[in-house]
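Engineer: I have a structure here, written as structure tokens, and I will follow up with some questions on it.
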Amino acid sequence: MICNNLSSVNGVLHFNGRDTLSLAKEFGTPLYLMDEDRIRRNCRTYRTAMVESFGENALPLYAGKACCFTALIRIIKEEGLGLDVVSSGEIATAVKAEFPMEHAYFHSNNKTDADIAYAIDCGIGYFVADNEEEVAAVDRIAGEKGIRQKILLRLTPGIDPHTYAAVATGKVDSKFGSAIETGQAAQITEFTLSKTNIDLAGYHCHVGSQVFDSDVFLRSSDIMLEFIAEMRDRFGYTAKILDLGGGFGVRYVESDPALDVSASIARIAASVKGKCKALNLPLPAIRMEPGRSIVADAGLTLYTAGTVKKIPGYKNYVSVDGGMADNPRFALYGSSYTVLNAGKLNEMSDFECSVVGRCCESGDIIQENVKLPSSVCRGDIIAVCTTGAYNYSMASNYNRIPRPPVVMISDGGNTATVAVRRETPEDVLKLDV
Ligand SMILES: *Cc1c(COP(=O)(O)O)cnc(C)c1O
């Protein structure tokens with residue numbers, strides 16, 4: 001099995017100790033399941049590794065965009081992680097979960113004045129400011145409210161994506177952040193230091209996603225620390241916080257490597273400490289921002305199979321009762337997933353097919369070249385593994401399809417609780433006037 005919270009009991013898929021066929025019957029399909037124990041375990045792996053490697057003032061921040069609903073943010077709070085938010089909606093979720101907002105960091109390359117005012121009113125800890133316009137807006141609005149706002153500046157360390165595949169947001173021409181290479185990062189530092197209502201707490205970078213090679217973090221942290229030393233020498237300003245971003249890779253299919261998060265963090269820490277020493281810098285308080293690697297393997301989606309279409313000499317299709325509306329990742333990025341016939345794990349899987357959704361779009365594909373048992377038929381429960389990240393958070397009402405519920409499986413399978421209820425057709429219609 002792709003993750004050890006999955007098991008086969010007499011050919012039936014179990015998820016965190018629970019029979020998935022019974023869960024499908026009890027809660028209906030499509031159905032998102034989340035394994036609370038796994039989320040907590042992933043949080044603890046990061047917290048422990050960061051504190052052991054970087055010291056007491058290091059903190060992992062959960063990147064809420066990977067999956068955000070109130071019950072989940074409560075777990076993040078209980079596990080003592082900080083939180084990245086990217087919109088007023090995510091901030092509102094954190095407030096509802098009574099998250100300690102001083103540990104919340106507000107990202108986004110384009111925050112509106114309304115977002116900025118709302119975040120300040122909610123007591124946001126830090127803005128991660130993308131550009132000078134934003135710094136000016138935060139300074140103005142903080143001034144109007146009579147507060148001094150802490151910010152980090154998002155920089156692009158200019159890592160070459162051709163050297164590091166799957167790394168796409170840290171290059172000079174990214175829409176995110178200010179580039180070190182062009183001199184804009186130094187310029188925005190000087191600009192920010194001149195603002196009276198802003199307290200510059202440090203710097204942030206995020207190089208990409210699905211990164212398995214910790215060399216990427218060694219490179220980016222080197223560049224960031226050299227920049228911090230340069231700012232100290234030029235402006236007498238020494239950053240207190242260095243946020244190295246998120247992006248640790250997750251195993252979706254057997255051919256993906258399994259990343260050892262603790263070992264990677266220890267390796268990054270050794271490099272960061274060595275670099276600080278060489279540059280005669282105090283070790284900054286380190287932040288990292290895992291999203292996917294906190295929740296992805298804590299998720300499983302269940303569907304009911306409908307039409308099985310065989311086109312002799314061409315291909316086969318198995319249609320399910322969900323699709324790109326609840327999981328757009330294949331349509332967006334051609335993402336890989338492991339797909340199982342949840343009640344037939346003991347049967348040989350030699351029927352090659354595309355598992356497709358119910359939306360009116362040829363690109364509505366969950367996965368291609370899937371092998372399922374040849375007996376697959378209408379009514380079978382189809383499970384898609386590792387769907388905890390960027391599934392529920394990216395779900396839409398395309399084709400006016402109501403969104404599935406999220407059911408949290410906790411305490412080794414002893415409890416199954418609805419964390420987000422299933423949308424109804426009335427919910428879908430409720431904004432129409
Ligand atoms: C998306 C994002 C993350 C989380 O990335 P993962 O790949 O989910 O770990 C962290 N920080 C920033 C700024 C992001 O944009």
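Values quoted throughout were computed directly from the atomic coordinates according to the rules given, and no laboratory measurement underlies them. Computed from a prediction, not measured in an experiment: that's the story for all the values here. Please note: Cβ atoms are built from the backbone with ideal geometry, for glycine as well, and neighbour counts cover all protein chains shown.
Engineer: Using DSSP to call loops (not H, G, I, E or B), can you name the GluC sites (Glu not before Pro) in the stretch 1-74 whose Cβ has at most 11 other Cβ atoms within 10 angstrom?
Structural biologist: For GluC sites (Glu not before Pro) across the stretch 1-74 that sit outside H, G, I, E and B with at most 11 neighbouring Cβ atoms in 10 Å, the list reads Glu56.
Engineer: Report the percentage of all Cα-Cα pairs in the stretch 10-111 whose separation exceeds 19 Å, rounded to a whole percent.
Structural biologist: 53 percent
Engineer: Using 0.36 nm per residue, how much length does the chain from Thr112 to Glu352 gain when fully extended, once their Cα-Cα distance is taken away?
Structural biologist: 81.6 nm
Engineer: Shifting gears a bit: When DSSP beta bridges are limited to those with both residues in the chain, what percentage is antiparallel, rounded to the nearest 5?
Structural biologist: Restricted to the chain, the bridges split so that about 50 percent are antiparallel.
Engineer: Continuing with this model, one more query. Give, as ranges by residue number, the residues of the stretch 48-76 whose backbone N falls under 18 Å from the point 7 Å along Cα→Cβ of Thr238.
Structural biologist: 55-58
Engineer: How large is the convex hull of the C-alpha atoms of the stretch 102-260 per residue, in Å³?
Structural biologist: Each residue corresponds to 121 Å³ of Cα convex hull volume.
Engineer: For the chain, find the longest principal axis of its Cα atoms and tell me its angle to the long axis of helix 261-279, 0 to 90°, nearest 10.
Structural biologist: The angle comes out near 10 degrees.
Engineer: Please list, by residue number, every one of the GluC sites (Glu not before Pro) in the stretch 272-379 that is coil in DSSP and has at most 16 other beta-carbon atoms within 10 Å.
Structural biologist: Passing sites in the stretch 272-379 are Glu347, Glu361.
Engineer: Translational diffusion coefficient, Stokes-Einstein: compute it for the stretch 199-257 using the Kirkwood radius over C-alpha pairs as Rh, at 37 °C and 0.692 mPa s, and state it as an integer in µm² s⁻¹.
Structural biologist: 253 µm²/s
Engineer: Under a plain spin-label model, where a point goes 7 Å from the Cα along Cα-to-Cβ, how far apart in nm are Lys430 and Asn414?
Structural biologist: Label at Lys430, label at Asn414, 3.3 nm between them.
Engineer: So how long is each side of the chain along the principal axes, counting just the alpha-carbon atoms, biggest first, in Å?
Structural biologist: Largest to smallest, the principal-axis extents are 70, 52, 43 Å.
Engineer: When Lys and Arg each count +1 and Asp and Glu each count -1, what net charge do the other residues less than 9 Å away from Lys275, Cβ to Cβ, add up to?
Structural biologist: Counting the neighbours of Lys275, the net charge comes to 0.
Engineer: Within 10 Å of each candidate Cβ there may be at most 12 other Cβ atoms; applying that plus a DSSP loop requirement, which GluC sites (Glu not before Pro) in the stretch 83-127 survive?
Structural biologist: In loop regions of the stretch 83-127 (DSSP not H, G, I, E or B), the sparsely surrounded GluC sites (Glu not before Pro) are Glu98.
Engineer: While we're here: Starting from the eigenvalues of the Cα gyration tensor, five times each then square-rooted, give me the equivalent ellipsoid semi-axes of the stretch 242-347, largest first, whole Å.
Structural biologist: For the stretch 242-347, the semi-axes come out at 43, 14, 12 Å.
Engineer: Please work out the ratio of the alpha-carbon Rg of the stretch 294-433 to 2.2 N^0.38 Å and round it to two decimals.
Structural biologist: Computed over Cα atoms of the stretch 294-433, the ratio equals 1.08.
Engineer: Follow-up question, since we're still on this one. Under a crude label model (7 Å from the Cα following the beta-carbon direction), how far is Asn10 from Ala278 in nanometres?
Structural biologist: Here the answer is 6.1 nm between the modelled labels.
Engineer: Students often forget the sequence filter, so: which lysines lie under 30 Å Cα-Cα from Lys145 once same-chain residues fewer than 8 apart are removed?
Structural biologist: Once the sequence-local lysines are set aside, what remains near Lys145 is Lys65, Lys77, Lys96, Lys111, Lys175, Lys195, Lys240.
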